[in-house]
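Right, one structure below, let's go through it.
The values are calculated or read from the model by the stated rules, or taken from the named source; none is laboratory data. Owing to the predicted nature of the structure, the values given are computational and were not obtained by experimental measurement. Reconstructed Cβ throughout: ideal geometry from the backbone, glycine too, with neighbour counts over all protein chains shown. Ligands, DNA and RNA are excluded from the accessible area calculation, which covers all protein heavy atoms including side chains. Shrake-Rupley method; radii C 1.70, N 1.55, O 1.52, S 1.80 Å.
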Amino acid sequence: MTGLVLRDLRVEIATGGRRLAPVDGVSLSVAPGECVALLGESGCGKSLTALALMRLLPEGLRIADGEARLGETDLFALPERAMQQVRGGRLAMVFQEPMLSLNPVMTVGQQIGEALAVHRALAGAAAGAEIRRLLEAVGLSADLSASYPFQLSGGQRQRALIATMLAGEPRILIADEPTTALDVTVQAQILRLLKRLQAERGMGLLLITHDLDVARDMADRVAIMYAGQIVEWAPREALFAGPVHPYTQKLFSVLPSAQRRGERLDHIPGTVPPLGTAFSGCRFADRCDQSWARCRKEAPGFHERAPGHFARCHLMVEPRPAGPASAPAASGQAVEAQAMPLLRVQDLAVHFPQRKGLLRRVAGWIKAVDGVSFEIAAGETLALVGESGCGKTTLARAILRLIEPTAGSVRLGDAAIGELQGEALRRKRAEMQIVFQDPFSSLNPRMRVGEILEEGMQALRPELAKAERKALVPVLLQQVGLDAAAALRYPHAFSGGQRQRIAIARALAVEPRLLICDEPTSALDVSVQAQILNLLQGLQRERGLAYLFISHNLAVVGYLAHRVAVMYRGRLVETGPAAAVMAEPMHPYTRLLLESAPGRGLGVAEAVEAGTGGEAGCPFAARCREVQPRCLVAMPALRRLNDRQVACHLRE
Amino acid sequence: MMPGMLAYIVRRVFYAIPILIGVNLITFALFFVVNTPDDMARIHLGAKHVTAEAIERWKVEHGYDKPLFFNPEAAGLAKLGDTLFVDKSLKLFVFDFGQADDGRDIGREITTRMWPSLAIALPTFLVGLLAYISFALTMVFFRATYLDFAGVVLCVVLMSISGLFYIIGGQYLLGKLWHLVPVSGFEPGLAGLKFLLLPVLVGVISGLGDSSRFYRTLFLEEIHKDYVRTARAKGLSERIVLFRHVLGNAMIPILTGAVVVIPRLFLGSLIVESFFGIPGLGSYTIDAIQAQDFAIVRAMVFLGSVLYILGLLLTDLSYTLVDPRVRLE
């Protein structure tokens, strides 16, 4: 057997005289031609497990115990020089951030050539031919060999990185969240590529992911990791048919989807235990709603529930004694939107000038947002979806006038935002607030949470006296589910989900009527995402808030939104009620987005990666599977069909 | 060269014009308004001989007898042209520096004296760059060991000691005690090589602590980036990772940071040249300051600004050479 076998891996970090183990007793195996998904939330130790296998742990961390065998080779016993032959050779690894994982000052060809030189002693013309072959194997043009990484898109870079790692003809490829930073359409392509390469080469694939749907599409077997340990280990079919560990069950039940509309999402109470927690029993016991006394006293064994299906839980061998049942998740009421539009955006455009030449004359325009119209009623959620770079964020900023629109109008209630100046604009801004994507960089690290909340009120609600502002802070914190004591602490003391709650509280402080949420959960773990989505829904019910919810996650959109607007290259291509659009997309682009979403088996036809369309025709024509001759010459207008709108010649 | 880059250079040269006019006006104000020609004359004549006639005579001899900006006695355009500002300040733009107090042509002095300055400054710059990078890279190779720690301590010690100490210590040890090189002096051509060794050595050592510590930080910042991890994951040896990947990227800030001083190498170093008796522009400036020769000091200030602006332009151009991501337009 030439597969990979890992036994009882323990990774230690020494801090403050203590030795902590972020990975504590992990065992798994990957057979040739098999895909194993290692799944867990951030901080559970899945990436460290992979880096330990490569012996590339960051400084300060070390392999304290365990054994890793790749075929006959004992990886942890090899001297460093011999390990270099294994790394990128028989065992290779692809990383998460394609934007940062390639050397910016070397060409793609040079970077692949390095690996060829080390592992296959190829140089000169032979290396050149092999580089071209590898680029073609990952679906890239061989001409890209002379390109620098900055000249490639995210998807192309990830392909180039995969080509580099294939250069040594690995038996096992570790892929650490290889698609997390990519758009859904590109993610589907990269996953298909990995699956194809794995089958063609009989390669074992260890896929590290936080996404159950990705695991469902890719894996033969799945390992669920929690707090440094594998808690469940099962064949894919068995796991998706019925997860047995309470943590795995929770991971499933916190996922939003169109089917769960109107329901309150389940959540996992508490947070992941911090590194260094002394466990006396089961590591999940404190957050588990099925735990009993034994769980806190005695660490459960790794029990085989069915052939090949293991779980680290006392429930596998003993039924839970009778006791108070945990409260079922409360089911919320579906929100019905009102008819009167609160926000009315008409033909909004944001064009950025491109300057050229000696006198910096304007040579052309980048049309980031190009004639967008929509309405949002009070109490309604409109989801804006589209790939990165389509203009979603620019549109949001233009609505708030954080950037000046080139043309068009925005009306909030009865005020034309575009015509307001100075003090009037500031006052109106209190009615529309924004929550940003990254809660780690959107809060000033040098201000206390209370000051952050007060600052907005001071600027936009000058009628409040200082004492009144101070009195509001604990109320706001309580509304977003935080303790009043949080006001005295700095943002770094909080987790990602808590920071996003602070960001929401900051926005609510000035009593807005419209809240723009720019990918508010995409930086968060699924269990935290569920909490934030529940919070947003609760606030909408209580206050009748309108949301413009920008997202690339269609499952979240299907769960949360009343209506959807799909954006492509600065224009809306389809709008309509969320349920209808998700069930029956009318625009080929919407269909592509929906089919690319993970969890559907990757079975759709290969899509073309974003190219440039003709100036005159439909911007999507270059990628469209149903393209007609007239699509290349005439731009389709957004037409109304009952309660939906679509911009496609096929629907005229 | 791409047309975009040519346009960029032309535009930058145009941008330099208002900056130079500003520099020119400020130096003129400092030298003629704050410190009037009358003051200059008094300083030169000394306390004893100061009479109104003597001052007037000194001003006529040295060409300082005209009004600052406007000459009501001249005719036509010469009302503006025949002034100190045009004579002393505007002519700097065409590198006409006029005469020093001893009557010698400053322009000619500069062109002869810049070569000894360059003979010291250029080797110091090149050897220094190589030494600092090598030392920093060695520390990074042994990072988080006692060797690295000792290197950082050495850097701090070197930084804490005054540059004068290295000069005097070097002269004492290598010149006086061991008789390896002359203590000071200069001779043009190859025969003068022995005079260059000590100043270059002292120049390199006095910059070692500061620069190596800075470069070490740059390397360490680079070494924790994702693409370096990718390079290791390919199975490359630590040597190749350091030299090809880390050095290749860290050279971008190092080189572009170094380029800015290149044009100023002509001006030499004030202290090194005067201590080692090098007849370069550095000692020329020091001597002029001591002799209160404002014409020379003014010329050197202006020249320094021009060369600095040139250095900034070269910096921006050098980015396009070392970083494929940068295209100037």
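Structure notes:
- Any hit, segment A:223-243, residues being within 30 Å of A:Ala163 (Cα to Cα) and β-branched (Val, Ile, Thr): yes
- Index of the failed condition, B:Pro324 passing every other in (1) open to solvent by 20 Å² or more (accessible area, probe 1.4 Å); (2) within 14 Å of another protein chain (Cβ to nearest Cβ); (3) not β-branched (Val, Ile, Thr): (1)
- Consider segment A:39-79 and keep the residues that are surrounded by fewer than 20 Cβ atoms within 10 Å (Cβ to Cβ) and polar (S, T, N, Q). The one that is farthest from the other protein chains (Cβ to nearest Cβ) is A:Ser42.
- Per-region count, segment B:130-152, residues more than 23 Å from B:Gly257 (Cβ to Cβ) and open to solvent by 70 Å² or more (accessible area, probe 1.4 Å): 5
- Single residue of B:Val260, B:Val246 found to be surrounded by fewer than 21 Cβ atoms within 10 Å (Cβ to Cβ) and assigned by TED's automatic domain parsing to the domain that holds B:Phe142: B:Val260
- Residue that is of a type in the set (Lys, Arg), modelled with pLDDT of 75 or more and open to solvent by 50 Å² or more (accessible area, probe 1.4 Å), where the choices are B:Lys66, B:Lys59: B:Lys66
- Among the helices (runs of 4 or more DSSP H) confined to segment B:1-107, the ones with at least 2 residues that are within 14 Å of chain A (Cβ to nearest Cβ) are located at B:3-28.
- Looking only at segment A:84-112, and only at residues there that are part of a strand (DSSP E or B) and closer than 27 Å to B:Arg325 by Cα, the one that is nearest to the chain's Cα centre (by Cα): A:Val94
- Count of segment A:257-287 residues, restricted to those that are closer than 30 Å to A:Ser551 by Cα and not in a helix (DSSP H, G or I), is 15.
- Entry remark, segment B:118-129: residues being open to solvent by 20 Å² or more (accessible area, probe 1.4 Å) and either over 29 Å from B:Tyr284 (Cα atoms) or not hydrophobic (A, V, I, L, M, F, W, C) (or both) number 2 in total.
- Residue pairs meeting the criteria (Cβ under 6 Å; at least 6 apart or on separate chains; first more than 7 Å from chain B (Cβ to nearest Cβ), in segment A:80-104; second in a loop (DSSP other than H, G, I, E, B) and open to solvent by 40 Å² or more (accessible area, probe 1.4 Å)): A:Met83/A:Arg55; A:Arg90/A:Arg171; A:Gln96/A:Thr180
- Residues in segment B:283-323 that are more than 18 Å from the chain's Cα centre (by Cα) and over 25 Å from B:Val10 (Cα atoms): B:Gln290, B:Ala291, B:Gln292, B:Asp293, B:Phe294, B:Ala295.
- Segment A:335-381 - residue that is exposed (fewer than 14 other Cβ atoms within 10 Å of the Cβ), modelled with pLDDT under 85 and away from every other protein chain (no Cβ under 14 Å) and, of those, farthest from B:Tyr8 (Cα to Cα): A:Glu336
- Candidate set from segment A:546-577 (those that are part of a strand (DSSP E or B), touching a helix residue (DSSP H, G or I) at 6+ places or on another chain (Cβ under 7 Å) and not hydrophobic (A, V, I, L, M, F, W, C)); member that is most open to solvent (accessible area, probe 1.4 Å): A:Arg563
- Selection within segment B:291-305 - over 12 Å from B:Asp101 (Cβ atoms) and open to solvent by 30 Å² or more (accessible area, probe 1.4 Å): B:Val301
- Test: residue in segment B:223-244 that is within 30 Å of B:Leu310 (Cβ to Cβ), out of contact with any Ser or Thr (no Cβ under 7 Å at 6 or more places or on another chain) and modelled with pLDDT under 95: no
- Taking the criterion of being buried (at least 18 other Cβ atoms within 10 Å of the Cβ) and among the charged types (D, E, K, R), the residues of segment A:423-446 that qualify are A:Lys428, A:Arg429, A:Glu431.
- Only one of the numbered conditions (1) within 14 Å of chain A (Cβ to nearest Cβ); (2) farther than 25 Å from A:Thr107 by Cβ is violated by B:Val183, and that is (1).
- The sole residue among B:Ile278, B:Ile271, B:Ile254 that is in contact (Cβ under 8 Å) with a residue 24 or more places away in the chain and outside any helix (DSSP H, G or I) is B:Ile278.
- Residue tally, condition under 30 Å from A:Thr209 (Cα atoms) and at pLDDT below 90, over segment A:472-497: 9
- Taking the criterion of being within 34 Å of the chain's Cα centre (by Cα), touching a residue at least 24 places away in the same chain (Cβ under 8 Å) and more than 9 Å from chain B (Cβ to nearest Cβ), the only residue of segment A:113-127 that qualifies is A:Leu116.
- Helices (runs of 4 or more DSSP H) wholly inside segment A:128-235 that include at least 2 residues being more than 14 Å from every other protein chain (Cβ to nearest Cβ) and among the acidic types (Asp, Glu): A:212-218
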